[in-house]
Amino acid sequence: MTVLLFHSPDDPVELWVAELRRQLPDVEIRTTPDFGDPSEIDYALVWKPPAGLLASLPNLRVTFSIAAGIDHILADPERPTHVPIVRMLDDNLRDMMSEWAILGVLYFHRFMPEYMAEQPKAIWDRRWPIYTPETHVGVLGLGAIGRDVAEKFRVLGFQVHGWSRTPREVAGIICHHGAAGLEAMLPQCRYLVCVLPLTDETRGIIGARTIAALPEDAVVVNLGRGGHVVDEDLLAALDSGHLRGAFLDVFNEEPLPPGHAYWRHPKVVMTPHVAGELVPQSCAKAIARNLNAHMSGAAMEGVLDLERGY
Ligand code: NAP
């Protein structure tokens, strides 16, 4: 019998196992840490696998990521390099990410930080609106998630820019790519939304140089990975007044240490890496589609391209 090993320190294991059994009735589902004979494992479905776990499975055929990103798997230096890695492509995850990006932008766009601060003081102080049709939102990343984010901001009436590595065309979106494209886009963006994968090229992309290129009073919304932000540079720009705020879901260190400046910073709004959740009822179907495709020799969706790193 085909065996799938599930490992995640952060997900509801019983719910996942129940959904996987429902979608893959002919596959045996095992979970860490007591999963029996490692040589019996054919497939692994993992979030943050401990170093060496994947290498200990001699007959592993595919590693599926319990995330749209695969950086948590590449972080394992012992990971078997001949085993393909497949990231999660899931409509519910994509939609949740777009919701969170919109929440972050609208929170600032409709002056919620100001109104929330004034409410306990019973201050009735109306702000003059920012005119949406002339407000530019820049979306870093135009992939499965970023494209949806960009299109939904367009529906809300913003001027929307998207940035990718290679040239892209998306109806209604002003598309940019590469270093020159980023340079052209940034000065226009009152809101900068990051939905990039974390790679050698994108690590630290929201650092002093990028931030300085944004207009005064811009807001940074990050739901990519914590490694995209240079924390000291973001904090310096918030403290100097150059940036109006930051809406953050992901951090260089997770959980964020209790002493970190973000927790109590008046211009930072943060959530604990929940922008896009992988709900088993939806994601197990995506896993089943890919696993069945692999077993029947068909192509899988979302296979990692090692050369580009995402
Ligand atoms: P994807 O489909 O692989 O798309 C990645 C996009 O980023 C593509 O448009 C790609 O450009 C662009 N890109 C990659 N490297 C670049 C570079 N060096 N310069 C410019 N653009 C670059 O990924 P996705 O499914 O949309 O997911 C994006 C990321 O969201 C994930 O990797 C993960 O980090 C994050 N995420 C976070 C959460 C959360 O809960 N916070 C949940 C899910 C996902 P091309 O179009 O040219 O390839």
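The values are calculated or read from the model by the stated rules, or taken from the named source; none is laboratory data. Just so it is clear, the model here is predicted, and its values are computed rather than measured. Neighbour counts run over all protein chains shown; Cβ positions are idealised from the backbone, glycine included. Please note that ligands, DNA and RNA were not included when accessible areas were found on the heavy atoms of the full protein model with its side chains. Shrake-Rupley method; radii C 1.70, N 1.55, O 1.52, S 1.80 Å.
Quick rundown of the values:
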| read-out | value |
| --- | --- |
| Spatially near lysine pairs across the chain, Cα under 27 Å, sequence gap of 8 or more or different chains | 4 |
| Net +/- balance of residues flanking I173 in space, Cβ distance below 14 Å, scoring K and R +1, D and E -1 | +1 |
| Volume per residue of the C-alpha convex hull in segment 203-265, rounded to whole Å³ | 73 Å³ |
| Cα-only radius of gyration and Dmax that characterise segment 83-188, units Å | 16.8, 60 |
| Prolate/oblate/rounded label for segment 153-216 (Cα gyration tensor, a/c 1.5) | oblate |
| Mean shadow area of segment 91-270, taken as a quarter of the surface of its Cα convex hull (nm²) | 10.8 nm² |
| Karplus 3J(HN,Hα) series, Hz, for segment 2-10 with 6.51 cos²θ - 1.76 cosθ + 1.60 (x for Gly, Pro) | 5, 10, 10, 9, 9, 9, 7, x, 10 |
| Globularity ratio of segment 6-132, using Cα Rg and 2.2 N^0.38 Å | 1.58 |
| Cβ-derived FRET efficiency at R0 41 Å, Y115 paired with V13, nearest 0.05 | 0.50 |
| Rg/Rh ratio calculated on Cα atoms of segment 171-296 (Kirkwood radius) | 1.06 |
| At least 24 Å along the helix axis (C-alpha) and Kyte average at least -1.0, DSSP helices within the chain | 91-109 |
| Estimated inter-spin distance, A212 and D95, nm [label 7 Å along Cα→Cβ] | 4.3 nm |
| All Cα pairs of segment 1-70, percent lying beyond 15 Å | 49 percent |
| Point-charge dipole on Cβ atoms (K/R +1, D/E -1) for segment 91-270, about Cα centre, debye to 20 | 320 debye |
| Sequence ranges 182-194, 135-147, 277-289, ranked by mean other-Cβ count within 10 angstrom, highest first | 135-147, 182-194, 277-289 |
| Segment 64-140 - Rg over Rh from alpha carbon coordinates, Kirkwood radius | 1.23 |
| Carbon + sulfur, % of accessible area of the chain - ligands and nucleic acids excluded, 1.4 Å | 53 percent |
| Rough spin-label spacing in nm, given labels placed 7 Å along Cα→Cβ, for A75 and A122 | 4.9 nm |
| Proximal charge balance of F158 [Cβ under 14 Å; K/R count +1, D/E count -1] | +2 |
| Overall form of the chain per C-alpha gyration tensor (a/c, 1.5; a/b vs b/c) | prolate |
| Dipole moment magnitude, nearest 20 debye, the chain about Cα centre, only Lys, Arg, Asp, Glu C-beta charged | 760 debye |
| Whether segment 269-310 is rounded, prolate or oblate, judged on the alpha carbon gyration tensor where a/c under 1.5 counts as rounded | oblate |
| 1.4 Å probe accessible area per residue over the chain, in Å² | 48 Å² |
